[in-house]
Amino acid sequence: MDPRPLRHFATLAETLHFGRAAERLGMTQPPLSQSIQALERRLGAALFVRTKRSVALTPFGAAWLGPVREALAALDALAEKARRLRDGDAGRLELSFVSTADYSILPALVQRYAALHPDVDLILTEATTDVQIEALCRGQGSAGIVIPGTTEALPPRLRYRPLIREALIAAIPESWIAERRIRLERGRLSPPDLLAASLVLFPRRSSPAFHDLVTGYVEGLGGIIRIAQEAIQMQTIIALVSAGMGIALVPESLRHLARTGVRYVDLARGAPVLETGLAWRADDAAPTLARFLAVVAGEIGGAAPSLA
């Protein structure tokens, strides 16, 4: 239905005067009268009772006025809705993230983005790096916080920006310290104690960069890799450490994950550094993604650090 006759009807219903209604609509009385008559013929019912001195709504017209006003308000809102979608102030953003990001960069990014764009539906999903990369390449999701290792490890269709670089620390069972299986040196884990322990870490298939960083560090100290358990969630890794299954090397931000039975300590020699970054499709032109990338740029401040 053409919205113009509906606006004519609503305006006349408000003024109950053809002259004032025509003036408000920027038209003359005859076209307004013809528009109302055509609308009544289409509806098969009279909207107004007309006399030489007055105009009044019929019961049918009075009942139909509410739905017409709602329809016109919805039409008027479409332009603003389109603008908000175009500018990224509304819509949907699907962000996936590795479990380690939950204790470092993720909370600040989500809080900032949600504050600036409260009407965007933000969908968060925890997933390992390999799962995120595969999903993005299939066209699923908007962006992912991943641990890629190097930009060369990413498919060509993806773009990447580093977010944070963190030194690894050791998560140690408190029971091992109490039993003197580990003797800390000035509160740090010494290479001999690390080499004597079994490791709890991510499986290589899920996060090759993180896995290789840990195992490469141990091998660089002259040790042999002994894996006690593997897990794909950082919370699970810390729980296994709490149970005395082994030692885990984790990002420094994991100090925020308090767990009974676990102590976080620095490494005594040359802690390796883990980089976490954001990956997204190069051809994704979604306005919500553009706004999120702007927030990312503001949160990390200035130029992104180079890959190690």
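For the reader, a short list of remarks on this structure follows.
- Projected onto planes of every orientation and averaged, the convex hull of the alpha-carbon atoms in the range 33-191 covers 19.8 nm².
- The range 164-308: C-alpha pair distances exceeding 20 Å, %: 52 percent
- GNM flexibility winner over the chain from ARG205, ARG183, ARG41 (Cα, springs under 10 Å): ARG41
- What the Cβ-Cβ distance of ARG50 and ARG92 gives, at R0 = 51 Å and to the nearest 0.05, is a FRET efficiency of 0.55.
- With q set to 0.26 Å⁻¹, the log10 of I(q)/I(0) for the range 197-247, from the Debye formula over equal scatterers at the Cα positions, is -1.01.
- Estimated inter-spin distance, ALA135 and ARG180, nm [label 7 Å along Cα→Cβ]: 4.9 nm
- Taking the average, over residues, of other Cβ atoms within 10 Å as the packing measure, peptides 221-227, 19-25 rank 19-25, 221-227 from highest down.
- Just so you know, the Cα atoms of the range 3-87 work out to an Rg and Dmax of 14.4, 52 Å.
- Fewest-first ranking of MET234, MET245, MET1, using other Cβ atoms within 10 Å as the exposure measure: MET1, MET245, MET234
- One quarter of the convex hull surface built on the alpha carbon atoms of the range 170-220 amounts to 3.9 nm², the projected area averaged over directions.
- Beyond 25 Å, the tail of the calculated P(r) for the chain holds 62 percent of the Cα pairs.
- Residues ILE238, ILE123, ILE177, ILE172, arranged from fewest to most other Cβ atoms within 10 angstrom of their Cβ, appear as ILE123, ILE177, ILE238, ILE172.
- GNM top mover of PRO118, PRO59, PRO173 - the chain, alpha-carbon springs below 10 Å: PRO59
- Modelled this way, with points 7 Å down the Cα-to-C-beta line, the labels at LEU72 and LEU43 are 1.2 nm from one another.
Every number in this text was worked out from the coordinates using simple rules, so none of it is lab data. Keep in mind that this is a model prediction, so the values were computed, not measured. Because the Cβ atoms are built from the backbone with ideal geometry, glycine has one as well, and the counts that use them run over all protein chains shown.
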